[in-house]
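Notes follow the structure.
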Amino acid sequence: MYDDNTNQWYVEIANPLEQQNGKHAPRLRFPVLVPEKYEEDIIDLVIGESVGVNAKGKPIIEYRPYTVEIKRKNGEYYIHLVYEEEVYGRELAYDEPIQAERIAGIDINIDRIAVSIVSKQGNFLQSKVFYCHELEYVKANKRNNIIGETVRDVYDWLLQENVGAVVIENIQLRQRHDTDKRFNRLTHHFNKKKLTETILRRGLRLGFRIKKVNPAYTSVIGRFKYMKKYGLSVHESAALVIGRRGLGYQERLPKELINTIKTKVKRHLIAVLGSMEESYKQSKSGTKQRQYLGMMLKKIENFKKEHEWSLWNILHKFCWLNQYQIQLKEV
């Protein structure tokens, strides 16, 4: 069991030696050290997964069977949990093609899960956002219930829409290009790994093919390329990019964005270099900035040889959207 008040795991053992007639045996409670890499699996196993609510509005928790063994070794006691994982789906390799007619890209955030469905040709079909604002504030056991309920709602919708495969971010490669102060304050409340693993585990149980992709620039690409085109939020747009990336599609910059970089951004960077005061140019920070801007200008000049992500990075660094209109950032 896990105690939210002490943030500590415990094991309770019945003590039959002190059991009184007609009463339950008293419990002996001992603190347990749980390795971090197993903590999420144990939470799922011991706390269970919320699968609905009863007539009184209380959550219905589904538990998986498991056995507990306590072993003594070198004067220390170890607890072994043994359980089986039923899996009907499969996790695909990064270069393995997706065999499905409809694919869902999923963008996971601290207060919502955005899902966009695409065809196998990479065309946008529809999207939906599943909100879970309470994750920012509740304790661990309640958070586990909310995650279970939200992920269940996601898959109920995907099954209804005949989706056969799911694409999610590989959080080990996660890079946030939209970090803000609010996100930094709430990071410790939000277990991204827990939510992602719940999506993965439930999808495999339900028979989905699941693929992980590099999340680099998905929000940036979605914002500049698809948000206005399909009338989506930035998170739905990112989910669309994730789904397309799972299918192997490259996100080249449209001609209008290339022109923006070659004209507006280029002139902007040249103007910044030209307006630097001589004293600042000679300073350490000024030298670094001149070198950086020079490197960016070189990339713009040789844009045809650059990787798409390099160009998206330039757009991200020096541009932002205001009512779908591209504005230049201060450098």
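Bear in mind that the values in this text are calculations on the coordinates, not laboratory data. Since the model is a prediction, treat every value here as computed from it, not as a measurement. Note that each Cβ is placed from the backbone with ideal geometry, even for glycine, and that neighbours are counted across all protein chains shown.
Tabulated data
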| read-out | value |
| --- | --- |
| Over 18 Å (Cα to Cα) - which of K266/K298; K211/K304; K139/K192; K284/K329; K56/K139 fall in this group | K211/K304; K284/K329; K56/K139 |
| Angle in degrees between helix 36-47 and the longest Cα principal axis of the chain, rounded to the nearest 10 | 50 |
| Radius ratio Rg over Rh of the stretch 90-246, counting only Cα atoms, Kirkwood formula for Rh | 0.94 |
| Other-chain or far-sequence residues with amide H under 5 Å of Q8's (modelled H) | D3 |
| Peptides 194-201, 252-259, 5-12 ordered by average Cβ neighbours within 10 Å, highest first | 194-201, 252-259, 5-12 |
| Phi to ³J(HN,Hα) by Karplus 6.51 cos²θ - 1.76 cosθ + 1.60 over the stretch 118-123, Hz, x for Gly, Pro | 10, 7, 5, 7, x, 7 |
| S127 long-range amide H proximity, modeled H, under 5 Å | I117 |
| Karplus-derived 3J(HN,Hα), 6.51/-1.76/1.60, for each residue of the stretch 212-224, Hz, glycine and proline x | 9, 10, 5, x, 4, 6, 5, 5, 5, 4, x, 5, 7 |
| Mean residue ellipticity (222 nm) of the chain, computed from DSSP H runs ≥ 4 via -39,500 (n - 2.57), nearest 500 | -11000 deg cm²/dmol |
| Dimensionless Rg/Rh of the chain - Kirkwood Rh, Rg from C-alpha atoms | 1.09 |
| From phi via Karplus (6.51, -1.76, 1.60), per-residue ³J(HN,Hα) for the stretch 65-79 in Hz, x at Gly/Pro | x, 7, 10, 10, 10, 10, 10, 9, 8, 6, x, 10, 10, 10, 9 |
| Relative contact order (%) - the chain, alpha-carbon pairs under 8 angstrom, separation at least six | 15 |
| Against the rule of thumb 2.2 N^0.38 Å, how large the Cα Rg of the stretch 249-311 comes out | 1.30 |
| On Cα atoms only, tilt of 234-246 relative to the major axis of the chain in degrees | 90 |
| Protection proxy ranking, peptides 272-281, 146-155, 220-229, average beta carbon neighbours within 10 Å, highest first | 220-229, 146-155, 272-281 |
| Protection proxy ranking of 58-70, 293-305 - average other beta-carbon atoms within 10 Å, highest first | 293-305, 58-70 |
| Residues with amide H under 5 Å from that of E91, placed H, sequence gap 5 or more | I210 |
| Additional length obtainable on full extension of the chain from K317 to V331, 0.36 nm per residue less Cα span | 4.2 nm |
| Kirkwood-based shape ratio for the stretch 2-83, expressed as Rg/Rh from alpha carbons | 1.03 |
